[in-house]
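A short write-up of the structure that comes next.
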Amino acid sequence: MKTVNHWIGGKTVEGASGNYGPVTDPATGEVTTQVALASADEVDAAVRVAQEAFLSWGQSSLAARTKVLFAYRALLDANRDAIAELITAEHGKVHSDALGEVARGLEIVELACGITTQLKGELSTSVSSRVDVASIRQPLGVVAGITPFNFPAMVPMWMFPLAVACGNTFILKPSEKDPSAANKLAELATEAGLPAGVLNVLHGDKVAVDALLAHPGIAAVSFVGSTPIARHIHTTASANGKRVQALGGAKNHMLVLPDADLDAAADAAVSAAYGSAGERCMAISAVVAVGAIADELVEKIRERAEKIKIGPGNDPASEMGPLITAAHRDKVASYVKGAADQGADVVLDGTGYTVEGKENGHWIGLSLLDHVKTDSDAYRDEIFGPVLCVLRAETYEEGVALINASPFGNGTAIFTRDGGAARRFQLEIQAGMVGVNVPIPVPVGYHSFGGWKDSLFGDHHIYGNDGIHFYTRGKVVTTRWPDPADAPAGVDLGFPRNH
């Protein structure tokens, strides 16, 4: 059986704990790989390697860093298909979706290639007699990233390219459910010329995570995952003196007004709810239909959803693949099975779906729930699967109030032809990312990604300017040089004069 080991100091390092986790092919349910799970001692060893690398990398020139990043970008581009195949094999998403994930990660690498501009400081000359003041930004040291299973390439690339471009060294702890893509990213970085120890991949479970959160050699932690774990990461790492950005879960809403193009809205709802099998934090999981359009909108969504082709991710005909594990599949199914008892109309029930010849795969079909109540489990919880809830509101104001009452505030969208309503919505809605006739408003790489409320713990969003600020800290330098024509002024113990 294939074993995925750690990548430490620019080379493969075999696991020493003796503990391994299973990695399955979601399309067949077969365990194809085992992944090494690091102990606290292995975490400590990786941190020491990264600390040693920081001594030189943190002092390296911007020219040297960007040379590596440009080479890395070229290698990632050349290996798109190979990375996507690893994602499909272990996550299950269709190949085109996996390619899209790599492309979005590449955006952040491209942003990192321009770090020379982003790290420019500020200078004020002659703030007093022969006194200049400069503001600069410097790296933190060793930083860590803990990433989820649903985007095993993209989310790591949201973190480490900017971190290392800013002069930090990085320890990536990817999901143990689909670990191979992370190793491939690190191998390509080494091939691009990144010095040994600057980017390290340490596989593990809660033992490794807790060791990273407590380790005094880690200066900052980036995390993407569920809200309960994000809250734990933020609380624990902050208590240990670390800077933290912890992105949590979501319940993203799409408000559809009576004047909207219903065909476009239905297309968007199906794509945003069921793409990547609903396993993404920006999935639309709740449509709020305003006024009399609800019945027609639900019917249009149903018609489209029934045509989606579900099958293995490596089948070009497949539009949606399986879920990551059997346990997750069963959890998602439980929300659909309990929906009717909690007042919903089950328009589509995908819980019995299977693929001929691959019956042991983690299959589930598309589910559509109408007349969902806000106190039901299917609405309150982040399901993270291909389940779309439809709620109804009489007015725009009622719909906005419903959305704002959610404890989550990651992303949201409005579908309308009314510019005035769209403007009100983008100002009144309590969410970090807003789409206007755009169902999944994930920002491009040079704008930062992040939500509000229980969708983000910490002060910084991820990537963009926020990401650069997160991975650096400011320093202000005040300088006075005497004029060569002046005689020594002697000692002055008074308060510094500014004029």
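The values are calculated or read from the model by the stated rules, or taken from the named source; none is laboratory data. Please read all numbers here as calculations on a predicted model, not as lab measurements. Here the Cβ positions follow ideal geometry from the backbone for every residue, glycine too, while neighbour counts run over all protein chains shown. Heads up: the accessible areas ignore ligands, DNA and RNA and are worked out on the full protein's heavy atoms, side chains in. Shrake-Rupley method; radii C 1.70, N 1.55, O 1.52, S 1.80 Å.
Quick rundown of the values:
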| read-out | value |
| --- | --- |
| Close pairs from the range 58-82: first more than 11 Å from residue 167 (Cα to Cα) and touching a residue at least 60 places away in the same chain (Cβ under 8 Å), partner open to solvent by less than 20 Å² (accessible area, probe 1.4 Å) and of a type outside the set (A, V, I, L, M, F, W, C), Cβ under 8 Å, at least 6 apart | 69/161; 72/161; 76/105 |
| Residue identified as at positive phi, open to solvent by 10 Å² or more (accessible area, probe 1.4 Å) and either at pLDDT below 95 or of a type outside the set (Asp, Glu) (or both) among 291, 275 | 291 |
| Count - residues of the range 168-197 that are open to solvent by 10 Å² or more (accessible area, probe 1.4 Å) and at positive phi | 1 |
| Residue within the range 266-273 that is more than 25 Å from residue 97 (Cβ to Cβ) and either in a strand (DSSP E or B) or touching a residue at least 24 places away in the same chain (Cβ under 8 Å) (or both) present | no |
| Yes/no for residue 478 being open to solvent by 40 Å² or more (accessible area, probe 1.4 Å), on the phi < 0 side of the Ramachandran plot and not aliphatic (A, V, I, L, M) | yes |
| Options 443, 484, 407: the member that is free of Cβ contacts under 8 Å to residues at least 24 places away in the same chain and under 30 Å from residue 242 (Cα atoms) | 443 |
| Which numbered condition residue 211 misses (of (1) buried (at least 24 other Cβ atoms within 10 Å of the Cβ); (2) more than 19 Å from residue 59 (Cα to Cα); (3) of a type in the set (A, V, I, L, M)) | (1) |
| Any hit, the range 35-44, residues being open to solvent by 50 Å² or more (accessible area, probe 1.4 Å), within 22 Å of residue 88 (Cβ to Cβ) and at pLDDT 95 or above | no |
| Answer residue from the range 388-403, given it is open to solvent by 10 Å² or more (accessible area, probe 1.4 Å) and outside any helix (DSSP H, G or I) and is nearest to residue 283 (Cα to Cα) among those | 392 |
| Given (1) out of contact with any Cys (no Cβ under 7 Å at 6 or more places or on another chain); (2) over 30 Å from residue 312 (Cβ atoms); (3) buried (at least 17 other Cβ atoms within 10 Å of the Cβ), number of the condition residue 69 does not satisfy | (1) |
| Any hit, the range 6-17, residues being hydrophobic (A, V, I, L, M, F, W, C) and either out of contact with any helix residue (DSSP H, G or I) (no Cβ under 9 Å at 6 or more places or on another chain) or farther than 17 Å from residue 187 by Cβ (or both) | yes |
| Breaking point among (1) over 30 Å from residue 418 (Cβ atoms); (2) more than 16 Å from the chain's Cα centre (by Cα), for residue 267 | (1) |
| Close pairs from the range 355-382: first open to solvent by less than 10 Å² (accessible area, probe 1.4 Å), partner part of a loop (DSSP other than H, G, I, E, B) and of a type in the set (D, E, K, R), Cβ under 6 Å, at least 6 apart | 367/349 |
| Matching residues in the range 100-116 - criterion: being farther than 11 Å from residue 155 by Cα and not polar (S, T, N, Q) | 100, 103, 107, 109, 110, 111, 112, 113, 114, 115 |
| Filtered residues of the range 446-471 (kept if outside any helix (DSSP H, G or I), farther than 19 Å from residue 228 by Cα and in contact (Cβ under 8 Å) with a residue 60 or more places away in the chain) | 446, 449, 463, 471 |
| Residue among 494, 474 that alone is assigned to a loop (DSSP other than H, G, I, E, B) and over 25 Å from residue 147 (Cβ atoms) | 494 |
